[in-house]
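Nothing in this text is a laboratory measurement; each read-out follows from the coordinates by a stated rule. On a predicted model such as this, the values are computed, not experimentally measured, just so you know. Methodologically, a virtual Cβ is constructed for each residue, glycine included, from the backbone with ideal geometry; neighbour enumeration extends over all protein chains shown.
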Amino acid sequence: MKSYVVGRRAQLAWSALSIIAFLAVWQGVAAFADPRLLPGPARVGAALVDAASDGALFVNVGITLARVLASFVLAMVVGAAIGIALGRIPLLDRMFDSWLILFLNLPALVVIVLCYIWLGLNEAAAVTAVAVNKVPNVAVTLREGARALDRDLLEMAAVYRLGRGRTLRHVILPQLAPYFMGSLRSGLALVWKIVLVVELLGRSSGVGFVIGSAFQVFDVPTILAYALAFAGVVQAIELLLLQPWERRLNRWRR
Amino acid sequence: MTGLKIDILRKRYPAADGSPARRIFEEFHLDVETGTFVCLLGPSGVGKTTLLNIVAGLDPDYSGQVVFSRRSRPCLAYVFQTPRLLPWRTVLENVMLPLPPGDKARNSALSLLDEMGLSDALNVYPDRLSLGMQRRVALARAFAIRPDILLMDEPLVSLDEATADRLRDHLAAMLEIRPATVLFVTHDSLDAVRLADRIIVLSGSPAEIVKDIRVGLSRGERRDKAVVEAFRRDNLAGDR
């Protein structure tokens, strides 16, 4: 237990050191650059405080976060269902494999623009566009997992007549957990970037919208301030949500 | 409980990756009366596990049929060669798994695990247990559903002698309380003599029953090494 605490502390120290080093490099480069193009940490910090003090930062980050979560949940559920079905049923896999490759290679921009044209400039279109971008990635990852399911355990489930529901819950999903975790991780990073583009193109709120407006007046400190704020939120989700959850999922491992 | 009647007209494994096609069973018949403990003895690859898989319904790729005498779809438990426990569920959860959820399941799982001497390991994950203990958990899971038919595929293999002895005693004690028709696959004739009412020796390709021996030993005699050795020498010489 003690070594665990020490390890935790050392890890925090390393994270702090790494952030300080980043700020130092940034400051150093900014000293030689045009301050309008690359403002230093102090000016970006001031912009951050500004945005926070009138509440705009929290509102926009909150709205973006809500869109990220909505499209993320949608993409995970639909993608997992498709992936598991393709991994378990060879006929479906043969039939839809090339569809999956097509959607995997469809540029995010095309999906976003088409969603706005077909569904209108509304929230549903925004969330759908992001989800459609993420679904193929989730499906491909979960398909790998579903193909690699342990046959011995499935036979055991069949002999003991666990039925579909309990087999899924106790036998299949735990084996897919690492694949879920994988697509959750890569998904979080991908989805929030796409959400910003969606907001830039067709919404009048959220981090993407603010960055779009700042771009029009070349307000680089605001662009960086919002980008950093959101990256911080994603980092917090990783540290406070995903990592503890993963530890919980893995506690049965030796 | 129920007996069963196995009629396999043909079971083959097709040629694959350079290994030739194998004929496992042709015109194979075996009747097992209700409540009998049958040991299937024979060399590796003769088709013992295949036979269990066919009875369990895991291998539908054969022509023929398996008919159960009293119930068309009997309650069937299978103790596999490897324990096949869910590594992400605790010992207790693994034993409760095949039961309808509830307090009743919990209580019967608890008492089974207690009988198997596993009360201290209820909340342990299987990977942290020795193979012998994992096998005991698998046995508890099998008895949890109160099976009519119990299939066992070399459940004592790769255990040291003392652990195997203990598991054998557990199995015998369990069957006293919860009788079942048993098909027990082994390549160890010692196991066969110590446990079985009837020993079937399989050999050849396609497999044939070369010996069908009734074992009329009492419980006391089965524990007597000399008696078991003598029975083995007289009846199973050459079958290991």
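Observations
- Peptides B:11-20, B:168-177, A:68-77 ranked from most to least packed by the mean count of surrounding Cβ atoms within 10 Å: A:68-77, B:168-177, B:11-20.
- The spacing between the stretch B:34-63 and the stretch A:134-212, judged by their C-alpha centroids, is 39 Å.
- Neighbour counts of C-beta atoms inside 10 Å place A:12, B:156 in the sequence A:12, B:156, starting with the fewest.
- Counting Cβ atoms of other protein chains within 10 Å of each Cβ in A:233-241 and taking the mean gives 0.
- Counting all C-alpha pairs of chain B, share separated by more than 30 Å (%): 27 percent
- The mean sequence separation of alpha-carbon pairs under 8 Å and at least six residues apart, normalised by the residue count of chain A, gives a relative contact order of 25 percent.
- Total formal charge among the other residues, if their Cβ is under 11 angstrom from that of residue B:1, Lys/Arg +1 and Asp/Glu -1: +2
- Computed over neighbours whose Cβ is under 14 Å from that of residue A:87, the net charge equals +1, Lys and Arg +1, Asp and Glu -1.
- Principal axis analysis of the Cα atoms in the stretch B:85-146 yields extents of 28, 23, 18 Å, listed in decreasing size.
- Sites matching trypsin sites (Lys or Arg not before Pro) across the stretch B:50-132 that sit in DSSP coil, with at most 13 neighbouring C-beta atoms within 10 Å: B:70, B:71
- Span from the the stretch B:216-238 Cα centroid across to the the stretch A:53-97 one, whole angstrom: 66 Å
- Cα-based helix-to-principal-axis angle, A:123-147 vs chain A, degrees rounded to 10: 50 degrees
- On the principal axes of its alpha-carbon atoms, the protein assembly as shown has extents of 100, 54, 46 Å, going from largest to smallest.
- Contact order normalised by residue count of chain B, Cα under 8 Å, 6+ apart, percent: 27 percent
- Restricting the calculation to alpha carbons of the stretch A:163-204 gives Rg and Dmax of 16.5, 49 angstrom.
- For B:78-89, mean number of other protein chain Cβ atoms within 10 Å: 5
- Averaged over the residues of peptide A:154-167, the number of Cβ atoms from other protein chains lying within 10 Å of each residue's Cβ is 5.
- Rounded to the nearest 20, the Cβ-based charge dipole of the stretch A:68-249 about its Cα centre (Lys and Arg +1, Asp and Glu -1) stands at 560 debye.
- Taking the number of Cβ atoms within 10 Å of each Cβ as an exposure proxy, the fewest-first ranking of A:160, A:226 is A:160, A:226.
- Inverse mean reciprocal Cα-Cα distance (Kirkwood Rh) of the stretch A:68-249, Å: 18.1 Å
- Charged side chains reduced to their Cβ positions (Lys and Arg at +1, Asp and Glu at -1) give the stretch B:85-146 a dipole of some 180 debye around its Cα centre.
- Using alpha-carbon coordinates, inclination of helix B:103-115 to the longest axis of chain B, degrees: 70 degrees
- Dipole of the protein assembly as shown computed with +1 at Lys/Arg Cβ and -1 at Asp/Glu Cβ about the Cα centre; of B:123, A:186, A:222, farthest Cα towards the positive end is B:123.
- Report note on the peptides B:213-226, A:166-179: ranked by the mean count of other C-beta atoms within 10 Å, highest first, their order is A:166-179, B:213-226.
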